[in-house]
Amino acid sequence: MKTTNINFSVTVDENHLPEKIEWSAPDSGEQSVAESIMIALWDKKENNTLRIDLWTKSMSVDEMKKFYLQNLLTLTDTYIRATGDEISANKAKKFFHELGREMKVLK
């Protein structure tokens with residue numbers, strides 16, 4: 001068995017607002033700077049989701065709208081892979097596409 005790491009480094013200003021988000025995955029040789037991060041963890045003991053949502057002060061509202069919508073859409077792909085429930089996932093995707101058009105993120 002092998003243990004690997006994904007590292008996040010967040011630079012904050014004097015009010016603790018994120019200014020810069022850097023991440024690296026040493027095993028894959030990846031490292032970059034990001035404007036936003038959403039991490040969801042399942043706490044089995046509490047039977048609940050724990051979340052970390054951060055975004056930099058420089059991230060625009062339009063970028064956040066796209067980031068939010070893309071997360072919703074890709075979560076449905078994850079849901080299909082994990083459960084095989086394509087019917088529910090396709091209903092969710094249809095709704096998210098409609099929402100994206102209303103948000104003016106999708107055409």
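Asn48 meets all of the listed conditions (1) polar (S, T, N, Q); (2) surrounded by 11 or more Cβ atoms within 10 Å (Cβ to Cβ); (3) closer than 26 Å to Phe95 by Cα but one, namely (2).
Give the residue, chosen from Tyr68, Tyr79, that is within 29 Å of Glu19 (Cα to Cα), aromatic (Phe, Trp, Tyr), within 19 Å of the chain's Cα centre (by Cα) and at pLDDT 95 or above. Going through Tyr68, Tyr79 in turn, just one is within 29 Å of Glu19 (Cα to Cα), aromatic (Phe, Trp, Tyr), within 19 Å of the chain's Cα centre (by Cα) and at pLDDT 95 or above: Tyr68. A Cβ distance below 6 Å, combined with a sequence gap of six or more or placement on separate chains, defines the contacts here; from the range 15-31, residues that are part of a loop (DSSP other than H, G, I, E, B) reach residues that are surrounded by 11 or more Cβ atoms within 10 Å (Cβ to Cβ) in the pairs Leu17/Lys57.
Within the range 1-59, restricting attention to residues that are of a type in the set (Val, Ile, Thr) and within 19 Å of Thr74 (Cα to Cα), which residue is farthest from the chain's Cα centre (by Cα)? Filtering first and then ranking leaves Thr49.
Considering the range 66-107, and only residues there that are touching a Lys or Arg at 6+ places or on another chain (Cβ under 8 Å) and assigned to a helix (DSSP H, G or I), the residue that is surrounded by the fewest Cβ atoms within 10 Å (Cβ to Cβ) turns out to be Arg101.
Look at Ala34 and say whether it is in the same structural domain as Glu22 (by TED's automatic domain parsing) and either in contact (Cβ under 8 Å) with a residue 60 or more places away in the chain or surrounded by 12 or more Cβ atoms within 10 Å (Cβ to Cβ) (or both). Talk me through it step by step, then tell me what you get.
On the way: in the same structural domain as Glu22 (by TED's automatic domain parsing): yes; either in contact (Cβ under 8 Å) with a residue 60 or more places away in the chain or surrounded by 12 or more Cβ atoms within 10 Å (Cβ to Cβ) (or both): yes.
The answer is yes for Ala34.
The values are calculated or read from the model by the stated rules, or taken from the named source; none is laboratory data. All figures in this text were calculated on a predicted structure; none of them were measured in a lab. All Cβ positions, glycine included, derive from the backbone under ideal geometry; neighbour counts span all protein chains shown.
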